[in-house]
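Encoded as structure tokens, the structure appears first; notes follow it.
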Protein chains: 2
Amino acid sequence: MTHINPYAMGLDKNAANFVALSPLSFVERSANVYPDRIAVVYGDERRTWAETYIRCRRLASALAARGIGPGDTVAVMLPNTPAMFEAHFGVPMSGAVLNTLNTRLDAPAIAFMLQHGEAKVLLTDREFSGVVAQALSTLGTHRPLVIEVEDEAAPAGQRLGEISYEDFLAGGDPDFAWQLPADEWDAIALNYTSGTTGNPKGVVTHHRGAYLNSASNALAWNMPDQSVYLWTLPMFHCNGWCFPWVLGLVAGTAVCLRRVDPALIYPLIREHRVTHMCGAPIVYSMMISAPAELRAGIGHTVQGLVAGAAPPAAVIEGCESAGIEITHVYGLTEVYGPSAICARQESWKGLPVEERARLNGRQGVPYPLQQAVTVLDPATMTQVPADGETIGEIFFRGNAVMKGYLKNPGATEEAFAGGWFHTGDLGVRHPDGYVKIKDRSKDVIISGGENISSIEVEDALHHHPAVLSAAVVAEPDRKWGEVPCAFVELKPGNDTVTQDELLAFCRPLLARFKVPKRIVFGELPKTSTGKIQKFLLRDRVQSASAIE
Amino acid sequence: MTHINPYAMGLDKNAANFVALSPLSFVERSANVYPDRIAVVYGDERRTWAETYIRCRRLASALAARGIGPGDTVAVMLPNTPAMFEAHFGVPMSGAVLNTLNTRLDAPAIAFMLQHGEAKVLLTDREFSGVVAQALSTLGTHRPLVIEVEDEAAPAGQRLGEISYEDFLAGGDPDFAWQLPADEWDAIALNYTSGTTGNPKGVVTHHRGAYLNSASNALAWNMPDQSVYLWTLPMFHCNGWCFPWVLGLVAGTAVCLRRVDPALIYPLIREHRVTHMCGAPIVYSMMISAPAELRAGIGHTVQGLVAGAAPPAAVIEGCESAGIEITHVYGLTEVYGPSAICARQESWKGLPVEERARLNGRQGVPYPLQQAVTVLDPATMTQVPADGETIGEIFFRGNAVMKGYLKNPGATEEAFAGGWFHTGDLGVRHPDGYVKIKDRSKDVIISGGENISSIEVEDALHHHPAVLSAAVVAEPDRKWGEVPCAFVELKPGNDTVTQDELLAFCRPLLARFKVPKRIVFGELPKTSTGKIQKFLLRDRVQSASAIE
């Protein structure tokens, strides 16, 4: 008699026991359970979760009425305003995919993204009208519907939209019967990374991952119900590390602001009793170096996630005395923002601050709901020994890993080769299992939380007729974390070219933050096969600088 | 030109970005990240997460070596000991399904479950050897492998196992390469409910739901990392409401104990700084009526989940002064234990205790990761108005809803008719959307947190030759919450039969807690078609009693 598995019969999925995982469920629950709780604070504006949910339904309805639905892209070029927050729910509620554009990019990059992502709609803010107008002008007949998000607080600029955001919402149905995605694997967002080559790659994430990484953020951070979250992290960075959705989950309050400035941040923390915030180390550096009078009168502890670079001892120490408790996380756009955490151990308490900075400076362990982060030998795909010395590549695996790169099967296949997501970061495993980055195989420079592809900067320099060879590496910088430093070898007979001349040449070609801060002239060190030995250049800038 | 959806191409699932959701991942993470943190406390025993994980792997390996795997059932008849905790990880790690047996049941019920569930292995504790031996004797050649969990603290009893649990583990591989389930929809546990008809129904739950409801428990309760959890709730009740897995998720500490007794509970709370516990109202009643000296020296607040019945005002008030903060949750075995929560609103603070008891006494709103709980008109399956008066049936929908009933397609279909899980509980929706139970359509009596099927008790009474008709309803009871009260109509000419005689007749047929506390003789009220009007009987016992 063959064994019949009794569990394999008549126990199938149905509408009662299987629902697509989607963070859109969170906003509905918060609106139902805590309708009167404040969801959004911005200047003098206050909106409850019930009001916010209605606006999101209006947005979804108005988009649907324009024929926008599954498979369509809605791009946004917005600062951290309420419209940006609402877009994270309203756009996917229509079935469309949200593409948040990095507002610091230049017109060619924005044009590329609008074109490659096939955006049907663009929500834009006056502050970026110069870049956006230029980008739109190159799109020809593929110009999306442009919706103007009007904000009195925006600096002067041109109005580009055919309709205002408020008028667009007014045309939507507040009771719109939006649908969860047909499949939790459906795309929810598109985020372009600076990548390492000329054109950015479009990271496609899904509802399942956004749902799980939202819960994972709340769990990793012990983030309670009713948290008050300050938007110091741009929402265009991998959907604000999923935090618009996390706030839906914990029925928290989103305190919005256009600009990261301690003169704005401290009064908001004081007034709204902000409990949580995120940012690159530079955000915290700015906060702790702010005048003492700005910081006065704040008696509670603020929890701060930090990523983009390890927090230096000075930042950890400064935050401690400023009442900010720092938690170091690590991730990439491809893993929905933070997906690893330098989980604090009880035994670290009471250690000297330098020692704690060393321990907290590691990239750590997987997030609670992420499956794995580890260091593998990329040749054999086996784990390197936990000796703190053997360098391999850092890999992720789990449900908070992107679907892949949009219209880029080659890059997708490469990213997932061997059944792991390749971060491109090189690292080691410490004896306690914590992962630590040692180098970036992709040569990305992280400046003020923004990724700069060294190759893109090198390309710009290479366009100058006098440049023979250029190599750009990260130089430690007290303010920005890292800045690009260029090493340039001039063609013979061009010795009179100056740093100022080359920088002036680069400015029209690069976003401002990508322009090198310093150019060093001279012969570049090369291997016997002619490959530039960047590690030697990195050593030179490292030994010439000191962060602390 | 037809529109091509760019998101529908080349963005498929693979080993890097899709992993089956399973709570088994939690124990691995805790063992890796917090290897030295205490996972289990029991008497003088202390085991870290690393040690616990090794024991779970040994258990899985030893089971696999006996040919146990996917589709097989491993039953356990255990109190809240470390072995019971380990079984929640070790059994499903082998691929098998964990069937925790209610240790308060009698031999025929246990025999039915072992037979119906097709248990291949049974882990048992000496305390229950009488019932288990009797149950095993009826199984004939289908007797499972019996493993004896030896515990010095167990009362005297017969040894039934062919091998001791420790010897069984010793034969297992501490590095066993267990696998996640092939599909997150695979069964993880089998739990029998008392149901409403003679034979219990086997609720089959899956890895996906166990994973999500574990996270949901931690989120609903703001349960932080490192929580210390006291096992006052039997783990045989829907897998301890998923809390063995929750403790894996938050790397918490499980403080085990065999018996719910304030004389044991308070010293454990004090010694281990217990932060969280669960139980029926009776657990908290016992605690607050314990002598003051037992409660002395506990300075911290203990969070307590309460379910099974709404906490009365006296319990809420008593807990407040005893330093226990009560949260009322609601659920059933079919929804993985608690799946609705009476979420506290800020506006309730400062209300008089009776008013807070009324508000907290409601079944509430969906858990953070449960999709919906609501009241529908079962005829139309539309939501009843939120008027606090219109009675309908309470329904759940979401990912924390069972796969169905084992080998019972009829009951499964009925439970899921209309795309919602039918709780069988009748209730209303209050104006704030909170669900409130008004009656139990299934006539289940909840006594000390245990479900008693009134029909089972009636069946026992009906076996007595003098009984014409019997109806059993819940009678409010200060200690147990509810107790069974029987109304019996005797056959003509049998007027001399006494209560004592009938109770003595029932005792060998029923578990002790199911034997009626009181028998009322007389003609039963019936409808014109002969159906007993239980609601009239219920009114009689309600008006004759008063809980508070």
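Only the coordinates and a few stated rules stand behind these numbers; no lab work does. Keep in mind that this is a model prediction, so the values were computed, not measured. Reconstructed Cβ throughout: ideal geometry from the backbone, glycine too, with neighbour counts over all protein chains shown.
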message: Please report the antiparallel percentage of the DSSP beta bridges confined to chain B, to the nearest 5.
response: 55 percent
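Where the only charges are on Cβ atoms (+1 Lys, Arg; -1 Asp, Glu), what is the dipole of the protein assembly as shown about its Cα centre, to the nearest 20 debye? Each step should come with its number before you reach the end.
Details: 94 positive and 118 negative charges, 16 e Å.
That gives a dipole near 80 debye.
Size of the dipole of chain A about the Cα centre, Lys and Arg at +1 and Asp and Glu at -1 on the beta carbon, nothing else charged, in debye to 20? Spell out each step's value before the answer.
Values: 47 positive and 59 negative charges, 66 e Å.
The dipole magnitude comes to about 320 debye.
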- prompt: Span-like helices, chain A: DSSP H, alpha-carbon axial extent 18 Å or more, mean Kyte-Doolittle -0.5 or greater, which ones?
  reply: A:49-65, A:207-220
statement: homo-copy label distances at residue B:8 (7 angstrom along Cα-Cβ), nm, one dp, ascending, are 3.3
field: Estimated inter-spin distance, residue B:142 and residue B:270, nm [label 7 Å along Cα→Cβ]
entry: 5.0 nm
task: From other protein chains only, count the Cβ atoms within 10 Å of every residue's Cβ in B:16-29, then give the mean.
output: 6
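Using only the C-alpha atoms of the stretch B:80-159, find the volume of their convex hull and express it per residue in Å³.
Once divided by residue count, the hull of the stretch B:80-159 is 90 Å³.
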message: Can you give me the long-range amide H partners of residue B:490? Hydrogens built in the peptide plane at 1.01 Å from N, cutoff under 5 Å, separation of 5 or more residues or another chain.
response: B:468, B:522
task: Please compute P(r) over all alpha-carbon pairs of chain B, binned at 10 Å starting from zero, and give each bin as a whole-number percent.
output: 4, 17, 28, 27, 17, 6, 1, 0, 0, 0
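Which whole-number percent gives the relative contact order of chain B, counting Cα pairs below 8 Å spaced six or more residues apart?
Numbers: 1166 pairs, mean separation 60.0, N = 548.
Relative contact order for chain B comes out at 11 percent.
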statement: Scattering profile of the protein assembly as shown from the Debye formula, Cα beads only, expressed as log10 I(q)/I(0) at q = 0.04, 0.05, 0.07, 0.10 Å⁻¹, is -0.23, -0.36, -0.68, -1.29
- prompt: How large is the helix-only mean residue ellipticity at 222 nm for chain A, computed as the sum of -39500 (n - 2.57) over DSSP H runs with n ≥ 4, divided by its residue count, in deg cm²/dmol to the nearest 500?
  reply: -8500 deg cm²/dmol
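Mind scanning A:13/B:438; A:13/B:201; A:13/B:514; A:201/A:491; A:201/A:403; A:479/A:517 and naming the pairs with a C-alpha gap bigger than 24 Å? Present the calculation step by step, with values, prior to reporting the outcome.
Working: A:13/B:438 30 Å; A:13/B:201 19 Å; A:13/B:514 35 Å; A:201/A:491 33 Å; A:201/A:403 13 Å; A:479/A:517 12 Å.
Violating the 24 Å Cα-Cα cut-off are A:13/B:438; A:13/B:514; A:201/A:491.
Looking only at the protein assembly as shown, where both bridge partners belong to it, what percent of the DSSP beta bridges are antiparallel (to the nearest 5)?
On the way: 101 of 177 bridges.
Within the protein assembly as shown, antiparallel bridges account for around 55 percent of the total.
Mind listing which trypsin sites (Lys or Arg not before Pro) in the stretch B:450-537 are in a DSSP loop and have 11 or fewer other Cβ atoms within 10 Å?
B:479, B:531
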Under-5 Å amide H pairs with residue B:76, H placed in peptide plane, nonlocal only: B:99, B:100, B:101, B:123
query: Using all Cα-Cα distances in the stretch A:365-502, what percent lands in each 10 angstrom bin from 0 up to the longest?
result: 11, 29, 31, 19, 9, 1
query: Got the residue A:134 label distances to the other copies yet, label 7 Å along Cα→Cβ, in nm, shortest first?
result: 8.7
message: Suppose we consider the axis relating copy A to copy B; can you name the residue of A with the nearest Cβ and state that distance in angstrom as an integer?
response: A:215, 3
- line: Taking the dipole of chain B about the Cα centre (Lys, Arg +1; Asp, Glu -1; charges at Cβ), the one of B:69, B:10, B:276 that reaches farthest to the positive side is B:10
task: Mind listing the long-range amide H neighbours of residue B:425? Cut-off is under 5 Å, sequence gap 5 or more, other chains count too, H placed in the peptide plane at 1.01 Å from N.
output: B:394, B:441
- prompt: How large, in Å, is the stretch B:363-402 by the Kirkwood hydrodynamic radius built from its alpha-carbon pairs?
  reply: 10.8 Å
query: Could you give, in nm with one decimal, how far residue A:390 is from each other copy of that position, shortest first, with labels 7 Å out from Cα toward Cβ?
result: 6.7
statement: Magnitude of the Cβ-charge dipole (Lys and Arg +1, Asp and Glu -1) of the stretch A:353-457 about the Cα centre, nearest 20 debye, reported as 320 debye
query: Once the dipole of chain B is set up with Lys and Arg at +1 and Asp and Glu at -1 on Cβ about the Cα centre, which of B:406, B:164, B:78 lies farthest towards its positive end?
result: B:406
- prompt: Between the stretch B:200-279 and the stretch B:438-482, how many Å separate their Cα centres?
  reply: 29 Å
query: Quick one: Cα centre-to-centre distance for the stretch B:122-155 and the stretch A:359-381, in angstrom?
result: 44 Å
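How well do other chains shield peptide B:364-375, expressed as the mean number of their Cβ atoms within 10 Å of each residue Cβ? Kindly include the intermediate steps, with their values, before the conclusion.
Details: counts 1, 4, 5, 1, 11, 8, 3, 10, 6, 0, 1, 0.
Average neighbour count from other chains, rounded to a whole number: 4.
To the nearest 0.05, how large is the calculated FRET efficiency for residue B:226 and residue A:36 if R₀ is 30 Å and r is the Cβ-Cβ distance? Don't skip to the end; give the middle numbers.
Values: r = 33 Å, r/R0 = 1.11.
Efficiency, from the Cβ-Cβ distance: 0.35.
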- prompt: Which semi-axes, in whole Å and largest first, does the equivalent ellipsoid of the stretch A:216-276 have when worked out from the alpha carbon gyration tensor as the square roots of 5 times its eigenvalues?
  reply: 19, 14, 8
